[in-house]
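Data block below; observations after.
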Amino acid sequence: MPTETELKLSIHSGDESRFSKLGIFKDYARGRAKRRHLVGIYFDTPDLELRRRRMVLRVRKEGGHWIQAVKGSGTQQGGLHQREEYEHPLEGKIPRPDYNQLLKHDHLDVFNDNSIRERLAPRFHTDIWRTTWDLHLPNGSVIEAALDRGEIKTESHSVPVQELELELKRGMPETLYEIAQQVADSVDVRLENTSKAERGYDLISRPKPEPVRSSDIRILKSMTVEDTYALILWNSLEHMRANEDTVLMSSDMEGVHQMRVGLRRFRTCQRLFRTWISDCVSAPLPAELRTLSRYIGPARDWDVFVNSHLVPLFEDHETLVGARDLLECAISRRDAVSSELRSFVRSREYNRILLDLASWVACKKWREAMEPALFEGFQLQAKKVARNILSRGHKRILKRGRGIATLSETDLHRLRIEIKRQRYTVEFLNSLFPGKQVRAYRKQLRMLQDQLGALNDIVTAKRLLDEIGMGADIPAVAYLLGWFSCLRAEKLGSIGPCWKTFKRKAIY
């Protein structure tokens, strides 16, 4: 099957009319915009067998004729969808799949199964008005820009569709991001991860947004350092984006935590490869990443303060003078910063930052200012440099942790950051090393990080307590500070043995 490559952007309802006035469309569109009414019917079994096999069977009406399409499994990164697609016209006026055509292709052998064919029936449909422009760019690329407005429907539910699809007809996929960035200069857009088929299936199952953890990274032994760098960045970026719906539509703050982890992994990757990617090459990424941290960090900090410190502590001491006021004030502040984060994730600024980050990776923009000598090293096989990368991180931890029993809060914080970075590095590169050794080393890193993380949570909690502004003369505040002191002493006592164990543990 031929491969379809497209970049999807969801848009705000008030922005559709502005597209025809954009310079990119005026300058590069060949001919007038075309407008069509598309009605699509999606088929599957009652138990959604095709979805389980990552296939889509659609029959769509175009200009009075029905066209059958089968889409196979593909990839999705940063809004860019690449998948196999096969389509052909149907005879007659009845929207019914023609299995004889499908059976001509070996890769569609699922339709050989009569038990599946007999159970295939319409599950949802789309009703879309599509406006298209054929863009012919100076670099020779040809892109079809399709503005879709309509809805996806089941028998009982529907969801609106307002999106721009940029489909590559000829040229390099990076061009799609260049066009998207020009569109984003004038129109509020958001990278869209899900296809219409996926949204239709979601209407059937009605899943609730749930926090998404990072997915495993599989580095092939043939991959270069540059390939590995790009792969890790994609993984981290998708980790952030996968938690957007949970942040926006759920009260589960684990989604905020996972979005923060994704951001930290992205930043760790930037730092990890700074031997090749200098600050002058990566600018302005640091500023954009700091902007993300400025909203995501406080939301997570206040949630930990409320749910890990105040709520458990005051459940058994709710009669303490000031306890209720302190808890209510902290909850109010947590809700406020969470609301600020949701507003930011919906904002044009956030979505432009995510598009810029995706464009940085997709277009390999680090090459624009990279010195030839560094670029040559960037093309080495990743497995040849992986052990040195881990070794450098291990040495930094040992250096930071000298005299751990006498380190200040600031130094312990820096040590924790080095350990966390090393744990992320292990997770990035672990497919290049024996699994048993990876698990043993990562376990030691996690134990140290957990101990130091508890200490850092106490420091953060004290800072947030100061922001609330309730004095230590209030019994609830005095009790909380005393509990912090006891907890800190306990954690400091357990760090020493944990540190000794880590120092004896050789890096794999």
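The values are calculated or read from the model by the stated rules, or taken from the named source; none is laboratory data. In this text, all values refer to a predicted model and were calculated from it rather than measured experimentally. A quick note on method: Cβ atoms are made from the backbone with ideal geometry, for glycine too, and the neighbour counts reach across all protein chains shown.
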Exercise for the section: Could you please let me know if residue 50 is in contact with a helix residue (DSSP H, G or I) (Cβ under 8 Å, 6 or more places away or on another chain), over 18 Å from residue 132 (Cα atoms) and assigned to a helix (DSSP H, G or I)? Expected result: yes
Practice task
Being more than 31 Å from the chain's Cα centre (by Cα) and surrounded by 14 or more Cβ atoms within 10 Å (Cβ to Cβ) is the filter here, so list the residues in the range 19-36 that pass it.
Solution key: 28, 29, 33
Practice task
Identify all residues within the range 284-326 that are closer than 30 Å to residue 372 by Cβ and either in a helix (DSSP H, G or I) or more than 21 Å from the chain's Cα centre (by Cα) (or both); write none if there are none.
Solution key: 285, 286, 287, 288, 289
Handout entry: All positions within the range 404-418 that are of a type in the set (S, T, N, Q) and part of a helix (DSSP H, G or I)
Key = 406, 410
Problem - Index of the failed condition, residue 361 passing every other in (1) touching a helix residue (DSSP H, G or I) at 6+ places or on another chain (Cβ under 6 Å); (2) not in a helix (DSSP H, G or I) - result: (2)
Handout entry: Cβ pairs under 7 Å, 6+ apart, first in the range 19-44 and in a strand (DSSP E or B), second among the acidic types (Asp, Glu)
Key = 29/134; 36/62; 38/62; 39/127
Problem - Subset of the range 465-508 [of a type in the set (Gly, Ala, Ser) and within 37 Å of the chain's Cα centre (by Cα)] - result: 469, 494, 496, 506
Problem - Members of the range 419-444 that are under 19 Å from residue 494 (Cα atoms) and at pLDDT 95 or above - result: 419, 420
Practice task
May I ask you to verify whether residue 390 is assigned by TED's automatic domain parsing to the domain that holds residue 502 and either over 27 Å from residue 223 (Cβ atoms) or not in a helix (DSSP H, G or I) (or both)?
Solution key: no
Practice task
Select from the range 69-101 the residues that are in a loop (DSSP other than H, G, I, E, B) and of a type in the set (Lys, Arg) and list them in ascending order.
Solution key: 93, 96
Handout entry: Qualifying position, being surrounded by 13 or more Cβ atoms within 10 Å (Cβ to Cβ), closer than 17 Å to residue 488 by Cα and either touching a strand residue (DSSP E or B) at 6+ places or on another chain (Cβ under 6 Å) or free of Cβ contacts under 8 Å to residues at least 24 places away in the same chain (or both), among 407, 415
Key = 407
Practice task
Please specify each residue of the range 182-197 satisfying the condition of being over 22 Å from residue 240 (Cβ atoms) and among the small types (Gly, Ala, Ser).
Solution key: 186, 197
Problem - Scan of the range 362-383 for residues that are more than 26 Å from the chain's Cα centre (by Cα), at pLDDT below 90, within 27 Å of residue 79 (Cα to Cα) and exposed (fewer than 15 other Cβ atoms within 10 Å of the Cβ), ordered by number - result: 369
Fill in the blank from the handout: Taking the range 457-494 and keeping only residues that are surrounded by 16 or more Cβ atoms within 10 Å (Cβ to Cβ) and not in a helix (DSSP H, G or I), one is left with 470, 474
Practice task
Scan the range 474-502 and report the pairs whose first residue is within 24 Å of residue 406 (Cβ to Cβ) and whose second residue is in a helix (DSSP H, G or I) and charged (D, E, K, R), with Cβ atoms within less than 8 Å and a gap of 6+ or a chain change.
Solution key: 481/462; 484/462
